[in-house]
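To keep things clear, I will list the structure first and then write my remarks on it.
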Amino acid sequence: MLYLGPTLFGFLLGFILGSRIKNNPESEMHFPYSSYIVVIIAALYMAWQLGPFPYYVDSPLASGFVACIIGIFAGKIVFGRQPTKT
Amino acid sequence: MSTILKIFVFPAAMLIMCLGVLTILGGHITPGGGFQGGAMIAGAFIFCAVVYGLKENTFHFSHNFMAAMESAGALIYVGLGLAGLIFSGFYLYNLGVDLYSIVPTFIKNIFDYPDPIHAGIIPYLNIVVGLKVMVGLSAVVIAFMQFNHEDENNDADGESDGK
């Protein structure tokens, strides 16, 4: 069973943090969207290893952790994109 | 800073931030809470700031963002306290739990945190404290890095004037 509290507020806090991700196009480091897939896999593995923390009876993944990483990506997609040059 | 660090730090910072958020969200039933989780999130930000520098940092904590988060955190904290004062007569009374059964049921339901513990306003206080601590610690490091940058610029100007 998934609880609303940690899921909702995890997403909200993640969204706030994700909205601040802005990759500098002049930087020598570039993180393409494919690199975010690696982060998602690592995050899901971490959430699996964390288990149903901190309630111990809900889903086998740490729901707050998963909600936060989803929120970070949602915030990045909504507010963190580079303006396209026309 | 080395290329290996630059490749590693941004993804690692995202995962550390998630751990910080998890620490905030579990603060009412496990060790941790707003301060610890906020410090973890700020640590992830500082990790990025040290490796990429302020200019190329992937997490842009602008002045307006930090002011908004700090103000929102403080105002919501005070607001929760005043709500307790208004509905029960006690500042920061836990309206969601209502141990003394002195508030109406609909008020109790509004301030209830939807999880099996039903800890009332404690998780909300943790969240706003986490926001404040995250911004506060990040602001300190940003200020130090900017001072350092200004000192370096002044030194460079002094050397060029001397020549």
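The values are calculated or read from the model by the stated rules, or taken from the named source; none is laboratory data. Keep in mind that this is a model prediction, so the values were computed, not measured. Cβ atoms come from the backbone with ideal geometry, glycine included; neighbour counts cover every protein chain shown. These accessible areas exclude ligands, DNA and RNA; they are computed on the full protein's heavy atoms, side chains included. Shrake-Rupley method; radii C 1.70, N 1.55, O 1.52, S 1.80 Å.
Cross-link pairs exceeding 19 Å between alpha carbons, from the set B:LYS108/B:LYS132; A:LYS22/B:LYS6; B:LYS6/B:LYS132; B:LYS6/B:LYS55: B:LYS108/B:LYS132; B:LYS6/B:LYS132. Shape annotation for chain A: C-alpha extents along the principal axes are 50, 22, 16 Å, from largest to smallest.
To the nearest ten degrees, helix A:4-18 and the longest principal axis of the Cα atoms of chain A are 20 degrees apart. Compactness of chain B, taken as the C-alpha radius of gyration over 2.2 N^0.38 Å, stands at 1.37.
Rounded to the nearest 100, the interface formed by chains B and A buries 3200 square angstrom of accessible surface, both chains summed, with a 1.4 Å probe. The reciprocal of the average 1/r between distinct C-alpha atoms defines the Kirkwood hydrodynamic radius, which for the protein assembly as shown equals 19.5 Å. Excluding ligands, DNA and RNA, the accessible surface per residue across segment B:3-162 is 49 Å² with a 1.4 Å probe. Peptides A:26-36, B:17-27, B:84-94, B:42-52 ranked from most to least packed give B:17-27, B:42-52, B:84-94, A:26-36, packing being the mean of other C-beta atoms within 10 angstrom over each peptide's residues.
In chain B, Cα pairs under 8 Å separated by at least six residues give a relative contact order of 27 percent.
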